[in-house]
Amino acid sequence: MTDRQSPRSGQRGGGPRGGSPQREGGAPRGGAQRRDGGQRRGGQGAQHKRPDPARMAAFELQRRVNAGDAYANLALPEILRDRRVSGRDAAFATELAYGALRLRARYDAILSRCLTGRELGGLDAEVLDVMRLGAHQLLGMRVPVHAAVSETVGLARAVSGPGPTGIVNAVLRAVAEKPLEEWLEVLAGERSGDEPESTDEQITRLAVTESHPEWIVRALRQGLAAEGLTGEDLSAELAAVLAANNAPPRPTLVARPGLVHVEDLAAETAKESGTAPVPGRWSPFALTAGGDPARLASVRSGAAGVQDEGSQVVALALLSAELDGPDSRWLDLCAGPGGKAALLGATALQEGASLLANEVAPHRSELVRGALRPVLDRPGEPAVVVRTGDGRELGEELPGEFDRVLVDAPCTGLGALRRRPEARWRRQPSDLSTLGPLQRELLTSALDAVRPGGVVAYVTCSPHIAETRLVVEDVLRRREDVELIDAAVALRDAAVEDPRVVGPYVQLWPHRHGTDAMFLALLRRTEEPAASSAARG
Ligand SMILES: C[S@@+](CC[C@H](N)C(=O)[O-])C[C@H]1O[C@@H](n2cnc3c(N)ncnc32)[C@H](O)[C@@H]1O
């Protein structure tokens, strides 16, 4: 234990980090270093040597994700372990596979322009995945052309036999003829006449050049427009957020208050990784560091964890919101896997509050238990407790019981696309029709569970207005015992000094804040529970 640094008294941990997101893991540009320490020989003799394990690992991940239903972040560690790929090779494999997954639409558009007399869809799926990996080495990783082409041809031979090697070689050589900037101009196309680009044209163009499904480009545009952006500002920010989604973030750590001091965690990470950690830009408990967080003793003990700064600051904003009366019973209604619950639980322990962390999925409530392990099962009251159950029922079961409630609602996750390379291709607009009613019911239940005068934070890791402000406005319309309070004020009190964050809703953005695109609304109960039920009826 260190001295008690509370979210409500903590100081910001240093100046703005600034700069754009870094390349993941600092992978080498000229091709991976071989596990035996030898340097790759580029093109010479590559036709007859086995593909290197890093590229094989990247290919296997592509296949598992594109042909199956694997999640890249879960499958990759297993693949790297099985293929004994580690260190710089693992970083190379990660950057290669994640980049090819994220930028699939961009690369497919380029590859199809380089395929003469054939349709991309007519290629074997394995061959197409090999080509995507080749394209990313050439255009996204600056691997020298001879190495990228010959290694990719070797990979094609290893996975599909000699048949496709000719076409892979020809297509990649054509890809290599232009740098990325020129390809992007080609994809953007020549527009004739002086007519300004229409919104639909802009969305179609960006969907290809920035590799996102059109419905997501449209949703992000709407989210930015909801903040009052128009014209060139809107276009510039839309392009910036899409680009930010394509840049892998470095993992951010949280030093859970009262369990480890952020400066001690910084010293630990510096020792472990050999690189200087960078203090958080917003959260006083955040730092960004190189190396593998899982190797840190503080992470293994649960005193620290990996947590995006956006997630940290929305939880801190709930605790900063002004409250009259008691402030000792907190609820996290949708707690799995437990990142925000762990921050709330550590603070609860410091401040003598209790926390009920609720999660509907049993396997995810086990994850919550794991995240909360340093603060669970402490003798005496108040306590940090994990419950498995449907959050929609909690408002009726425990009406008016809590002073502060977090609803971190299940959502499309469109705010975290940069860390989930396949998510943009898996999510569908139809997901909103199941999530919308659930989000409304969970928020309603949270408002029933909070006492009059208490505060509810409605949070999503999505900037899609259908799951952010429209949900809140709908619920507000149906109840007379709830008022919206300015989340920007609470966020400022908690940590975030950014004049661009204007209430009452708060929307963080990866291109502005370097965080996931977290949404936060704060609502206060104003009447007795009975009145709320009547109003809901
Ligand atoms: C966005 S995640 C929460 C993330 C979490 N707060 C954290 O910081 O780690 C939403 C969670 O809500 C859970 N969930 C979905 N439906 C629920 C329900 N009816 N009641 C409670 N939890 C639910 C999901 O299983 C998921 O774990």
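For beta carbons closer than 7 Å, sequence separation of 6+ or different chains, a first residue in region 406-419 that is in a helix (DSSP H, G or I) and a second that is within 7 Å of the ligand (Cβ to nearest atom), the qualifying pairs are GLY415/CYS461; ALA416/CYS461.
Scanning region 317-342 for residues that are more than 9 Å from the ligand (Cβ to nearest atom) and touching a helix residue (DSSP H, G or I) at 6+ places or on another chain (Cβ under 9 Å) turns up ALA317, LEU318, LEU319, SER320, ALA321, GLU322, ASP327, SER328, TRP330, LEU331. Inspect region 386-399 for any residue being within 11 Å of the ligand (Cβ to nearest atom), touching a Cys at 6+ places or on another chain (Cβ under 7 Å) and free of Cβ contacts under 8 Å to residues at least 60 places away in the same chain and give the result as yes or no. Among the residues of region 386-399, at least one is within 11 Å of the ligand (Cβ to nearest atom), touching a Cys at 6+ places or on another chain (Cβ under 7 Å) and free of Cβ contacts under 8 Å to residues at least 60 places away in the same chain, which makes the answer yes. Among the residues of region 299-319, the ones that are crowded, with 21+ Cβ neighbours inside 10 Å and part of a helix (DSSP H, G or I) come to 12 in all. Of the residues screened, ARG373 is not one that is assigned by TED's automatic domain parsing to the domain that holds THR460 and within 14 Å of the ligand (Cβ to nearest atom). Every residue in region 348-357 that is over 23 Å from ASP448 (Cβ atoms) and either part of a loop (DSSP other than H, G, I, E, B) or within 15 Å of the ligand (Cβ to nearest atom) (or both), please. Hit for region 348-357 is GLY352, nothing else. The helices (runs of 4 or more DSSP H) falling completely within region 188-294 that include 3 or more residues that are out of contact with any Phe, Trp or Tyr (no Cβ under 6 Å at 6 or more places or on another chain) and over 30 Å from LEU470 (Cβ atoms) map to 262-273.
Residues satisfying the criterion are absent from region 413-430 (criterion: of a type in the set (A, V, I, L, M, F, W, C), at pLDDT 95 or above, under 22 Å from LEU316 (Cα atoms) and within 9 Å of the ligand (Cβ to nearest atom)). Of all residues in region 316-340, those that are in the same structural domain as SER445 (by TED's automatic domain parsing) have Cβ atoms under 7 Å from Cβ atoms of residues that are within 13 Å of the ligand (Cβ to nearest atom) and part of a loop (DSSP other than H, G, I, E, B), 6 or more apart or on another chain, in CYS334/ALA409; CYS334/PRO410; GLY336/ALA361; GLY338/LEU372; GLY339/GLN307. Among the conditions (1) touching a residue at least 24 places away in the same chain (Cβ under 8 Å); (2) out of contact with any Asp or Glu (no Cβ under 7 Å at 6 or more places or on another chain); (3) closer than 28 Å to ARG525 by Cα, PRO437 misses just one, which is (1). With respect to GLY345, is the statement that it is under 12 Å from PRO382 (Cβ atoms) and either crowded, with 23+ Cβ neighbours inside 10 Å or within 12 Å of the ligand (Cβ to nearest atom) (or both) true? It is true that GLY345 is under 12 Å from PRO382 (Cβ atoms) and either crowded, with 23+ Cβ neighbours inside 10 Å or within 12 Å of the ligand (Cβ to nearest atom) (or both).
Comparison of VAL360, VAL313, VAL299 shows that the only residue that is β-branched (Val, Ile, Thr), modelled with pLDDT of 95 or more and away from the ligand (no atom under 14 Å from the Cβ) is VAL299. For region 376-385, filtered to residues that are away from the ligand (no atom under 16 Å from the Cβ) and either in contact with a Phe, Trp or Tyr (Cβ under 9 Å, 6 or more places away or on another chain) or touching a residue at least 24 places away in the same chain (Cβ under 8 Å) (or both), the residue that is farthest from PRO337 (Cα to Cα) is GLU381.
Of the residues in region 420-440, how many are assigned to a helix (DSSP H, G or I) and in contact with a Lys or Arg (Cβ under 9 Å, 6 or more places away or on another chain)?
5
The values are calculated or read from the model by the stated rules, or taken from the named source; none is laboratory data. The model shown is predicted, which means the values in this text are computed figures rather than measured ones. FYI the Cβ positions are ideal-geometry reconstructions off the backbone, even for glycines, and counts take in every protein chain you see.
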